[in-house]
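FYI, it's all coordinate maths here, none of it is from the lab. Remember, predicted model here, so these are calculated numbers, not experimental data. In this analysis, Cβ positions are derived from the backbone assuming ideal geometry, glycine residues included, and neighbour counts consider all displayed protein chains.
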Amino acid sequence: MYRFRFVLALLIGAGILSSTAYASRIHRSPTSGQQTHRSHSVTGKRYHRTRGQQAIAPDRAMQIQQALIREHYLSGEPTGKWDSTTVAAMQKYQSDQGWQTKLMPDSRALKKLGLGPDYSNALNAKDSSFSDPPPASTIPAHQDSGFAAASGVHQ
């Protein structure tokens, strides 16, 4: 009985080992699994495309200088050149406002200097005014109560 089990185990083990030896293998070419196309980049040369505004136009520099002179951050006459004196004045103005001083000029600073976007040529600007809204004290009481009722806010 032991001999029969031993022979049976031997045959099963030999069968398992031989099945892996006779299994068909798929032969692949040496380049399989790799990309066969080459990239089209130029080696040794790197191209860097500069984005964004690179310089301030002379007419815009003139406007900024006039506003800085008006606010007493710059003295003299506006030249239209974005020079070190103008940069220093703009940095001082932005610093006094608590804004960044490294990037020049900050959009908030330009708006505060009165040099923000001009919407006078916008499609819906005809017969419109872009002034500040009237103070709340000038709104009639019946209209104000209507606003409060419509908003659901109870005073």
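Per residue and in Å³, how big is the convex hull formed by the alpha-carbon atoms of region 58-112?
With only Cα atoms used, region 58-112 gives 70 Å³ per residue.
Compare the peptides 104-110, 61-67, 4-10 by average per-residue count of other Cβ atoms within 10 angstrom and give them in order, highest first.
61-67, 104-110, 4-10
What ranking do SER75, SER137 get, fewest neighbouring Cβ atoms within 10 angstrom at the top?
The most exposed by this proxy come first: SER137, SER75.
Round to the nearest 0.05 the FRET efficiency obtained for ASN121 and TYR47 when R0 = 41 Å and r is the Cβ-Cβ distance.
Computed FRET efficiency for ASN121 and TYR47 comes out at 0.60.
Would you order THR79, THR138 from fewest to most other beta-carbon atoms within 10 Å of each residue's own beta-carbon?
With the fewest neighbours first, THR79, THR138 line up as THR138, THR79.
What is the extension gain from GLN54 to LYS92, computed as 0.36 nm multiplied by their sequence separation minus the C-alpha to C-alpha distance, in nm to one decimal?
11.5 nm
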